[in-house]
Amino acid sequence: MAMTINDAKIAIGMIARGDKQHDVAAWFGENQARIVEATNGSFGTKEAAPADQLPPKGPPGVKGRYLHAYVEKAIKALEAGDNKTALEQLQAGVARYNRAE
């Protein structure tokens, strides 16, 4: 799958921020060669996306596992009719996901 110009800007921004190349590649579901190509301008830009447009720093796999656990708790709360706890679990999951680790 070819990266878009917007994807390339985000990848370049992540690398500039200091993210590990393999974490950036994993975020996009690409191999590390695509990230190198992006930083070299192969997708039409060498411009980095602004920091506020970048995904959270850190490996997406670990973050995904944590988020999944919060979502499971929220589903159980919803099934029990406890909307407040479900919302709290989802908010906590998003906060954990967005932490720079």
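The values are calculated or read from the model by the stated rules, or taken from the named source; none is laboratory data. Quick caveat, the model's predicted, so the values are computed rather than measured. Don't worry about glycine lacking a Cβ; one is built from the backbone with ideal geometry, like all the others, and counts go over all protein chains shown. Surface areas here come from the heavy atoms of the whole protein model, side chains and all, with no ligands, DNA or RNA. Shrake-Rupley method; radii C 1.70, N 1.55, O 1.52, S 1.80 Å.
With a 1.4 Å probe and every protein chain kept in, tell me what percent of the accessible surface of the chain is carbon plus sulfur. Could the numbers behind the result be given before it?
Numbers: 3370 of 6180 Å².
Roughly 55 percent of what the probe reaches on the chain is carbon or sulfur.
Which length gain, in nm to one decimal place, applies between Gln32 and Ala51 when the Cα-Cα distance is subtracted from 0.36 nm times their residue separation? Mind dumping the intermediate values first?
Details: separation 19, 0.36 × 19 = 6.84 nm, distance 2.11 nm.
Here the answer is 4.7 nm.
Quick one: dipole size for the chain, taken about the Cα centre, charges +1 on Lys/Arg Cβ and -1 on Asp/Glu Cβ, in debye to the nearest 20. The partial results should precede the final answer.
Values: 13 positive and 12 negative charges, 41 e Å.
Taking the Cα centre of the chain as origin, the dipole is about 200 debye.
Mind checking which lysines have their C-alpha under 19 Å from Lys46, skipping anything on the same chain fewer than 8 residues away?
Lys9, Lys20
For the chain, state the semi-axes of the equivalent ellipsoid (square roots of 5 times the eigenvalues of the alpha-carbon gyration tensor), sorted largest first and rounded to whole angstrom.
Details: eigenvalues 220, 29, 25 Å².
The equivalent ellipsoid of the chain has semi-axes of 33, 12, 11 Å.
Output wanted: per-residue J couplings in Hz (rounded whole) for segment 46-61, from phi through Karplus 6.51 cos²θ - 1.76 cosθ + 1.60, θ = phi - 60°, x for Gly and Pro.
10, 7, 8, 5, x, 4, 6, 9, 8, x, x, 6, x, x, x, x
If you roll a 1.4 Å probe over the heavy atoms of the protein chains, what accessible area per residue do you get for the chain, in Å²?
Value for the chain: 61 Å² per residue.
Could you calculate the contour length gain from Arg65 to Leu87, that is, 0.36 nm times the residue separation minus the distance between their Cα atoms, to one decimal place in nm?
Numbers: separation 22, 0.36 × 22 = 7.92 nm, distance 1.85 nm.
So the extension gain works out to 6.1 nm.
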